[in-house]
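The values are calculated or read from the model by the stated rules, or taken from the named source; none is laboratory data. In this text the structure is predicted, and so the values were computed from the model without any measurement. We place every Cβ from the backbone using ideal geometry, glycine too, and count neighbours over all the protein chains shown.
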Amino acid sequence: MDTRKSENQEIEQKRRSFTLSCFICNSSFEIDDYGSFYYCKKCGGVLEIRITKSNDLSSLGDERRLSTGAKTLSRLHSSRGVWKYSDLIPVWHETNVVSMPEGETPLVECRNLARALGFKSLYVKFEGLNPTGSFKDRGMTVGVSKANELGFKKLICASTGNTSASLAAYSAKANLKCIVLIPKGKIALGKVAQAVAYGAEIFQVEGNFDECLRMATEIAEQGREILLLNSVNPFRIEGQKTAAFEITEQLGFVPDNVILPVGNGGNISSLWKGFKEINQLAFIETVKDIEQRERSPRMIGIQAEGASPIARAFRSGAKSIEIEKEPHTDASAINIGSPVNWAKALGAIYESHGYSDSVSDYEIFEAQRLLASSEGLFVEPASATPIAYLRNISSRNSQESQSRDQYERLKDSTIVCVATGNGLKDPNTVMRDLDQNQIKVVSADAKSLEKSLFVSA
Ligand SMILES: [Zn+2]
């Protein structure tokens, strides 16, 4: 059999392994028609990529199975990070792949913090070490690769900052035009600077993120010219799910609890999808035995109090959210009142027996400093919401029985907090609350420094 024929057969086999389906009514659509519509044509629901049962990878033979060891599959150059799992990602031709590469971020064990807060086993998955400094790169490498494959030349997104930085970078690398809509005055300076440097065409909208997203969607829906790359785009979710694969490989097992910041709801649903695929496909060596395979983590989503439609829905036991028209939090990455992936996010929370809660801005900034000063991890404010939550429930002053219950359930478990973005993107929020005693002025001689050291000791 000649090589081209066998390659075509492989691609055909891969195509048959995926469907583009409605998350709500389960209708299916042709994957490569994506971009001529963004929501289910029958019910208007959000779309997702599903891996069919026939793709148990067993037909590929042992040497082509994904695994943690030498049998790792990938014929791509960058057979690391996200594309290590290329068999589980619906991009057909590797020539379309745009990669930096991304993923393969560290899972840091936080012993100081665990001890201080009274938890046995606490890890932070530091997604701020992706190429543009946030988890968005996992989704963008797949989203922009698929845009290439579908033949789009112009890409658009609405953004609270990280999405625009990431899309701008991947568009630059792919030679595609990038248009970003950002809410005027509401995104961190470092993130705008990134989009400017990567050469995006930037529009500041006199409105909030939700209004930016509505505009971007309307423009994209007008025809097949511009592809929408917000997290409603299911290809992005396919990239982001790889964080669950990495966490499991890094730990050697599936963690008990995964805690994430929740804004638009894309990432919590992505990781949950990843953990379900680990169960479904048993492709990670260390979790192939049945007992391990039946494990799945509880997904815990934390929001900022001023933008918490998902936490409020969960607390009232609702199956849908009430939109917040004027969300406000200084953790700008999660300042979203109308999360487009609310159905998937609530689905992940309920299905995993997890829950959702919220924390105040004050608690977020305290937690940001605590994580930096105790573990050396400087994350952006939104990324500190899981730590703020853990700090709240472990507080000895906490008299609320619900908090005590939650603490009791978590304290001896393995907890992974996902830190979605790098603190360097948003230095202003740290400097704004600076304790003036932390930076002192001395004259340029050792004597005055010595004197100052002695005084502060
Ligand atoms: Zn539908």
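Side notes on the structure shown:
- Filtered residue count, segment 176-197, keeping only those that are in contact (Cβ under 8 Å) with a residue 60 or more places away in the chain and either closer than 22 Å to N130 by Cα or among the polar types (S, T, N, Q) (or both): 6
- For segment 17-56, taking the residues that are among the small types (G, A, S) and more than 11 Å from the ligand (Cβ to nearest atom), the one that is surrounded by the most Cβ atoms within 10 Å (Cβ to Cβ) is identified as G35.
- Boolean, I364 is farther than 26 Å from T217 by Cα and either buried (at least 18 other Cβ atoms within 10 Å of the Cβ) or under 17 Å from the mean Cα position of the chain (by Cα) (or both): yes
- For segment 95-107, the count of residues that are at pLDDT 95 or above, more than 30 Å from R16 (Cβ to Cβ) and out of contact with any strand residue (DSSP E or B) (no Cβ under 6 Å at 6 or more places or on another chain) is zero.
- Within segment 259-280, residues that are free of Cβ contacts under 8 Å to residues at least 40 places away in the same chain have Cβ atoms under 8 Å from residues that are assigned to a loop (DSSP other than H, G, I, E, B) and acidic (D, E) in these pairs: N279/E294, counting only partners at least 6 apart in sequence or on another chain.
- Any hit, segment 420-431, residues being aliphatic (A, V, I, L, M), in contact (Cβ under 8 Å) with a residue 40 or more places away in the chain and either part of a helix (DSSP H, G or I) or touching a Pro at 6+ places or on another chain (Cβ under 8 Å) (or both): yes
- Index of the failed condition, T68 passing every other in (1) modelled with pLDDT of 95 or more; (2) surrounded by fewer than 22 Cβ atoms within 10 Å (Cβ to Cβ): (1)
- Yes/no for P386 being out of contact with any Ser or Thr (no Cβ under 8 Å at 6 or more places or on another chain) and modelled with pLDDT of 95 or more: yes
- Helices (runs of 4 or more DSSP H) fully within segment 273-362 that include at least 2 residues being closer than 19 Å to N230 by Cβ: 309-315, 342-351.
- Residue count, segment 135-165 (criterion: surrounded by fewer than 24 Cβ atoms within 10 Å (Cβ to Cβ) and assigned to a helix (DSSP H, G or I)): 3
- Residue match in segment 406-416 (condition: loosely packed, with under 11 Cβ neighbours inside 10 Å and either farther than 18 Å from D256 by Cα or modelled with pLDDT under 90 (or both)): no
- With respect to (1) more than 14 Å from S332 (Cα to Cα); (2) touching a residue at least 24 places away in the same chain (Cβ under 8 Å); (3) not acidic (D, E), the lone exception for F209 is condition (1).
- Hits in segment 183-199 (condition: more than 22 Å from the chain's Cα centre (by Cα) and either buried (at least 20 other Cβ atoms within 10 Å of the Cβ) or farther than 17 Å from P327 by Cβ (or both)): V196, A197, G199
- Contacts under 8 angstrom Cβ, first residue in segment 11-36 being under 18 Å from G151 (Cβ atoms), partner in a loop (DSSP other than H, G, I, E, B) and among the aromatic types (F, W, Y), 6 or more apart: I11/W92; R15/W92; L20/Y34; F29/F37; G35/F152
- Meets criteria (among the charged types (D, E, K, R) and out of contact with any helix residue (DSSP H, G or I) (no Cβ under 9 Å at 6 or more places or on another chain)) for E351: no
- Residue check for L213: farther than 19 Å from K325 by Cβ and of a type in the set (A, V, I, L, M, F, W, C): no
- Residue among E324, E294 that alone is in contact with a Gly (Cβ under 9 Å, 6 or more places away or on another chain), over 24 Å from G128 (Cβ atoms) and without any contact (Cβ under 8 Å) to a residue 24 or more places away in the chain: E324
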